[in-house]
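Accompanying notes for the structure given below.
The values are calculated or read from the model by the stated rules, or taken from the named source; none is laboratory data. Computed from a predicted structure; not experimentally measured. Cβ atoms come from the backbone with ideal geometry, glycine included; neighbour counts cover every protein chain shown.
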Amino acid sequence: MSQANPATDSAAPADTAGGATTSSRSAPRRRSGAAGSQGTTVQGTTVQGTTVQGTAVQGTTVQGTTVQGTTVQGTTAKGAAGDPAAPVRIAVVGAGYWGPNLVRNARSCAHTELHAVVDLDVERARLVAGADPTVRACGSVDQVLSDPAIEAVAVATPAATHLPVALAALRAGKHVLVEKPLASSWAEGRRLVEEADARGLTLMCDHTYCYTPAVQRIRQLVLDGTLGDIQFVDSVRINLGLVQRDIDVLWDLAPHDLSILDFVLPEGCSPVAVAAHGADPIGSGRACVAYLTLQLPGGAIAHSHVNWLSPTKVRTTIIGGSQRTLVWDDLNPVQRLSIYDRGVDLKEADSLDVDDRRQMTISYRSGDMVAPALQEREALQLMMTEFATSIRQGRRPITDGLAGLRVLDVLEAASRSLEFQGAVVPLRNQR
Ligand SMILES: NC(=O)c1ccc[n+]([C@@H]2O[C@H](COP(=O)([O-])OP(=O)(O)OC[C@H]3O[C@@H](n4cnc5c(N)ncnc54)[C@H](O)[C@@H]3O)[C@@H](O)[C@H]2O)c1
């Protein structure tokens, strides 16, 4: 990914996850060969200073399709009755800006077989489906729901339509992948989760960033204790983005940061409350700039800045821990992650004599920085693989409906906080 060009970014959506090769909003393009970033490996990423010895920073690998921390669901994977290794037959609904990325990945993924592309604008569906005679272009989702050959539906329509489209698909017995956010309210999201569970079908939310090599490595570094106890998270996701007609910047961009937090934070460290401030300085009728502050247990804090009005593009997250601090710069492909053995330590008062106790008990660590090498791989390919394999294996996907629901909980609470000028709103798990 390169630095955004302010001159062209007004037409470029801010919402581009995980290095996916995106299509233009005005003219969806067909895939031309494999994704630009796919399959290449950045070798020998810079390691500055001496490497940290004896820690899990080095030699850790994130494997292709590793399923982390998921539990096997007691569901039957419908459609897997025949060959469990057979590709999942899939239709993509919504061929606007993001849908073509799902179409491209459904075509190239070894675990899926693209059967149809649906859009209310059937011409658009035709354009995205292309000349392939095995892929139908449809103007209504009903055409794929009544087709027994189609096992799964990927929904890339605007958030307000996720509930009706996804619910209809589940009721027709299809497994469902829904773009973020899962729905336009927590109650709607819960209906989808309940429907999928009742029918033993897979419901997955495309939290694309969770499938990037960088975020998978971050999760590993948090969970294996390399960073120590999490003390703060600071995330900035800003550029000149498309001012959406139906949602504010919070619902457009914050799902990325919230789903990443949900994925990387260890159990017991989930946010407990949120306060949000926002502004609409251009008079668009919705917040174009927003700041979210999340309280984490044990006095830790997470902050997210999302903004459609910034002339420069910034995609940076800092995760401060008691042992190390991690900096993720998603716009720096040669060094996306940097792990600093630098920070502030508080000496235990017991270990000090009376005179020392009068002195400052704070000391500064100034150790090395390590930049782990990461594979360059398109997140959507891994996301699509996870969708298909979770169906075939009858287990919950990494980013299942419940993960989508937790993100909706924070988004709803943040919207409420915006209405009340930044009031602190507790999250559901705290009410
Ligand atoms: N994962 C990511 O990084 C990412 C990035 C961008 C957008 N998204 C998500 O993708 C979804 C779509 O966003 P977009 O920017 O592509 O929107 P868009 O408006 O560009 O495209 C939506 C398309 O859906 C079609 N559509 C609407 N209702 C339909 C229906 N009932 N049946 C069939 N087609 C229908 C529209 O005609 C349109 O072509 C949103 O949920 C958005 O949040 C995700």
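For this structure, a couple of remarks:
- Count of residues meeting criterion [surrounded by 24 or more Cβ atoms within 10 Å (Cβ to Cβ) and under 14 Å from Glu179 (Cβ atoms)] in the range 96-117: 8
- Among residues of the range 215-226 that are touching a residue at least 24 places away in the same chain (Cβ under 8 Å), those with a Cβ under 9 angstrom from a residue that is of a type in the set (Lys, Arg), sequence gap 6+ or separate chain, pair up as Arg217/Arg336; Leu221/Arg324; Thr226/Arg324.
- Restricting the range 419-430 to residues that are assigned to a helix (DSSP H, G or I) and over 23 Å from the mean Cα position of the chain (by Cα) leaves a set whose member that is nearest to Ala276 (Cα to Cα) is Glu419.
- Leu170 satisfies every condition listed in (1) of a type in the set (A, V, I, L, M); (2) touching an Asp or Glu at 6+ places or on another chain (Cβ under 8 Å); (3) within 13 Å of the ligand (Cβ to nearest atom) except (3).
- Top-ranked residue in the range 285-332 [being among the aromatic types (Phe, Trp, Tyr) and touching a helix residue (DSSP H, G or I) at 6+ places or on another chain (Cβ under 7 Å); ranked as nearest to Glu419 (Cα to Cα)]: Trp308
- 1 or more residues in contact with a Pro (Cβ under 8 Å, 6 or more places away or on another chain) and at pLDDT 95 or above: qualifying strands (runs of 3 or more DSSP E) within the range 271-377: 273-279, 289-295, 301-307, 309-321, 337-346
- So Pro87, is it over 17 Å from His162 (Cβ atoms), modelled with pLDDT of 95 or more and buried (at least 24 other Cβ atoms within 10 Å of the Cβ): no
- The set of residues from the range 123-155 being hydroxyl-bearing (Ser, Thr, Tyr) and either under 23 Å from Ala388 (Cβ atoms) or away from the ligand (no atom under 14 Å from the Cβ) (or both) comprises Thr134, Ser146.
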